[in-house]
1. Using DSSP to call loops (not H, G, I, E or B), can you name the GluC sites (Glu not before Pro) in the range 128-205 whose Cβ has at most 14 other Cβ atoms within 10 angstrom?
2. State the extension gain, in nm to one decimal, for the chain segment bounded by residue 11 and residue 100, taking 0.36 nm per residue of separation less the distance between their alpha-carbons.
3. How much accessible area per residue does the range 130-206 have, counting only protein heavy atoms and a probe of 1.4 Å, in square angstrom?
4. Two-decimal Rg/Rh of the range 113-194 from alpha-carbon positions, Kirkwood Rh?
5. Run the simple label-point estimate for residue 141 and residue 154 please: 7 Å along Cα→C-beta, distance reported in nm.
6. Just to check I understand the Karplus step: with θ = phi - 60° and J = 6.51 cos²θ - 1.76 cosθ + 1.60, what whole-Hz values come out for the range 120-133, glycine and proline as x?
7. Would you compute the Debye intensity of the chain from its alpha-carbon atoms alone, equal scatterers and no solvent, and pass along log10 I(q)/I(0) at q = 0.16 Å⁻¹ to two decimals?
8. Quick one: which residues, 5 or more positions from residue 70 or on another chain, have an amide H under 5 Å from its amide H? H modelled 1.01 Å from N in the peptide plane, none for Pro or chain starts.
Amino acid sequence: VKPNYDFVRQLYENLVVLLVGVSREEMQQPVFNAIDCLQFPELHDNSIPNIVFSKNLSKLMGASGLQDFSLVKDLYKPEPARLRRNLSAIINFAKFREEKLSLFTELQDQSDGLSARLASLKEEHKRLGADEAEHREARDAEEEETLKLEKETIELEAQLRTLNKEQAVLQSEIRTSKSVSKEMSDKVQEEKAKLEEENKKKEELK
């Protein structure tokens, strides 16, 4: 069965809500700054939510690596082959995103745990230093413990630096994904402008 606009719109809307993190209610809310610029805002009750949806859909497509996403071919007049291709790319992106988020969460948890352990060790080191003056008879034993704690602290700091580097790489990948999404959003706006211009010319020729 050839897909139609209503089916594809609902499908893509579900994917946007799931993967972009924007709710249907948010996409339906008017952009007040934009409405203030319109002469007859009541005439744009449907067009503005559609623009918001298209922008978020383009962001998802861009993040999924679909550089030739077209509102006409992929949404308003969906082609079966392109729909299958798009869904495959989005599924791959969802898997990649889940893996990265899982890894990022794991690294963040490890980083938090190491930071807490490091703070605890520093507090312990500080306490041992203060007790040294009062317990000089146990100085040798305490110095050994202090050295051990310092060694653990150095090792934990090294681990924390490594985790921070891995976290920086993940953040860089996320920024790159956002950059790609912005480029795709700009392309969608250009496509929309071209479509509107073509429609305008068609109307003039009638």
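1. On the way: sites: 132, 134, 137, 142, 143, 144, 145, 150, 152, 155, 157, 166, 173, 183, 190, 191, 196, 197, 198, 203, 204; in loops: 134.
Filter output for the range 128-205: 134.
2. Stretched out fully, the residue 11 to residue 100 stretch lengthens by 29.6 nm.
3. 78 Å²
4. Numbers: Rg = 24.7 Å, Rh = 16.6 Å.
Rg/Rh: 1.49.
5. Placing both labels 7 Å along Cα→Cβ, they lie 2.5 nm apart.
6. These are the phi-based 3J(HN,Hα) values: 5, 5, 5, 5, 5, 4, 5, 5, 5, x, 5, 6, 4, 5 Hz.
7. Those come out to -1.10, one per q.
8. none
The values are calculated or read from the model by the stated rules, or taken from the named source; none is laboratory data. From a predicted model like this one, the values you see are computed outputs, not experimental measurements. Here Cβ is always computed from backbone atoms with ideal geometry, including for glycine, and neighbour counts include all displayed protein chains. Please note that ligands, DNA and RNA were not included when accessible areas were found on the heavy atoms of the full protein model with its side chains. Shrake-Rupley method; radii C 1.70, N 1.55, O 1.52, S 1.80 Å.
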